[in-house]
Amino acid sequence: SAVISQKPSRDICQRGTSLTIQCQVDSQVTMMFWYRQQPGQSLTLIATANQGSEATYESGFVIDKFPISRPNLTFSTLTVSNLSPEDSSIYLCSVGQGIRDTEAFFGQGTRLTVV
Amino acid sequence: AQSVAQPEDQVNVAEGNPLTVKCTYSVSGNPYLFWYVQYPNRGLQFLLKYITGDNLVKGSYGFEAEFNKSQTSFHLKKPSALVSDSALYFCAVRDKGNTPLVFGKGTRLSVIA
């Protein structure tokens, strides 16, 4: 199993600013995943982050809006840039979705409110 | 492409009664299937998974799910519901390859005392 520490747990941000979310895993993992959960909605994959390479973004998500860093095998950050109220969501990081994995693990999530 | 359908937005059940939360899926190959639960202001918690083997899978907190390949379903069940089971339940699927999880829209379970 993997234990994921995600920070901050919640934040309230002004329009036009940015928020960086940190995800720390207690073991080395190849791939890390970032999801968004809009209010009352399901989880939508934003991007997949591999260590040492550019993140792969899903349709509808772009690097300028959601830059991701993956400096080592236990850590990743997601920045949500130029915030608008539509960005108010829960953001979650996840590991354990590689080809040899049979269970995904999730951080506790970051609840972002944009005012 | 993978997809998951949870046809019910809300399920209401009386405490002590059996509960079922429905899930159907679509994948190109053999699926990995999962159920997760989300309590208010909490992250996702893993309940159970089907990878291979017995079609009836037992998980945490007395939950179980039955994999039905012909009906492409993976319904979540519990013989006797508790008020504390009230939460948002997500079904998720991934192909056996290197693909990320795809989630259903979620079903809100309300257990009434």
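Every residue, every condition in (1) touching a helix residue (DSSP H, G or I) at 6+ places or on another chain (Cβ under 9 Å); (2) closer than 26 Å to residue B:95 by Cα; (3) more than 14 Å from chain B (Cβ to nearest Cβ), yes or no:
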site: A:52; (1), (2), (3): no, yes, yes
site: A:60; (1), (2), (3): no, yes, yes
site: A:79; (1), (2), (3): no, no, yes
site: A:86; (1), (2), (3): no, no, yes
site: A:90; (1), (2), (3): no, yes, no
site: A:93; (1), (2), (3): no, yes, no
site: A:105; (1), (2), (3): no, yes, no
site: A:111; (1), (2), (3): no, no, no
For this session: Go through (1) under 10 Å from the mean Cα position of the chain (by Cα); (2) among the hydrophobic types (A, V, I, L, M, F, W, C); (3) away from chain A (no Cβ under 14 Å) one by one and return the number of the condition residue B:56 breaks.
Result: (1)
Exercise. Just wondering, is there one or more residues in segment A:26-44 that are more than 14 Å from the chain's Cα centre (by Cα), under 20 Å from residue B:41 (Cα atoms), surrounded by 14 or more Cβ atoms within 10 Å (Cβ to Cβ) and touching a residue at least 60 places away in the same chain (Cβ under 8 Å)?
Worked result: no
Problem set entry | Breaking point among (1) within 13 Å of chain B (Cβ to nearest Cβ); (2) open to solvent by 60 Å² or more (accessible area, probe 1.4 Å); (3) part of a strand (DSSP E or B), for residue A:20 | (1)
For this session: Exactly one condition in (1) over 18 Å from residue A:94 (Cα atoms); (2) in a strand (DSSP E or B); (3) away from chain A (no Cβ under 11 Å) is not met by residue B:4; state its number.
Result: (3)
Exercise. Give me the pairs: first residue in segment B:61-76 and over 11 Å from residue B:47 (Cβ atoms) and open to solvent by 50 Å² or more (accessible area, probe 1.4 Å), second residue in a strand (DSSP E or B) and not hydrophobic (A, V, I, L, M, F, W, C), beta-carbon distance under 8 Å, and six or more apart or on different chains, which are they?
Worked result: B:66/B:73; B:66/B:75; B:66/B:77; B:71/B:24; B:72/B:24; B:72/B:25; B:72/B:26
Seminar exercise, completed: The correct count of residues that are buried (at least 20 other Cβ atoms within 10 Å of the Cβ), within 14 Å of chain A (Cβ to nearest Cβ) and under 12 Å from residue B:20 (Cα atoms) in segment B:77-109 is 2
Seminar exercise, completed: Considering residues that are more than 10 Å from the chain's Cα centre (by Cα), among the charged types (D, E, K, R) and not in a loop (DSSP other than H, G, I, E, B), the number found within segment B:60-113 is 5
Exercise. Residue B:47: crowded, with 16+ Cβ neighbours inside 10 Å, modelled with pLDDT under 95 and over 14 Å from residue B:5 (Cα atoms), yes or no?
Worked result: yes
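With respect to residue B:17, determine if the residue is more than 21 Å from residue A:93 (Cβ to Cβ), open to solvent by 20 Å² or more (accessible area, probe 1.4 Å) and either among the hydroxyl-bearing types (Ser, Thr, Tyr) or part of a strand (DSSP E or B) (or both).
Numbers: more than 21 Å from residue A:93 (Cβ to Cβ): yes; open to solvent by 20 Å² or more (accessible area, probe 1.4 Å): yes; either among the hydroxyl-bearing types (Ser, Thr, Tyr) or part of a strand (DSSP E or B) (or both): no.
No, not satisfied.
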Exercise. Over 30 Å from residue A:57 (Cα atoms) and out of contact with any Ser or Thr (no Cβ under 8 Å at 6 or more places or on another chain) - does that describe any residue in segment B:28-35?
Worked result: no
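The values are calculated or read from the model by the stated rules, or taken from the named source; none is laboratory data. A quick note: this is a predicted structure, and the numbers were derived from the prediction, not measured. When we count neighbours, we look across all protein chains shown, and the Cβ atoms used for this are built from the backbone with ideal geometry, even at glycine. Note: areas computed on protein heavy atoms with side chains; ligands, DNA, RNA excluded. Shrake-Rupley method; radii C 1.70, N 1.55, O 1.52, S 1.80 Å.
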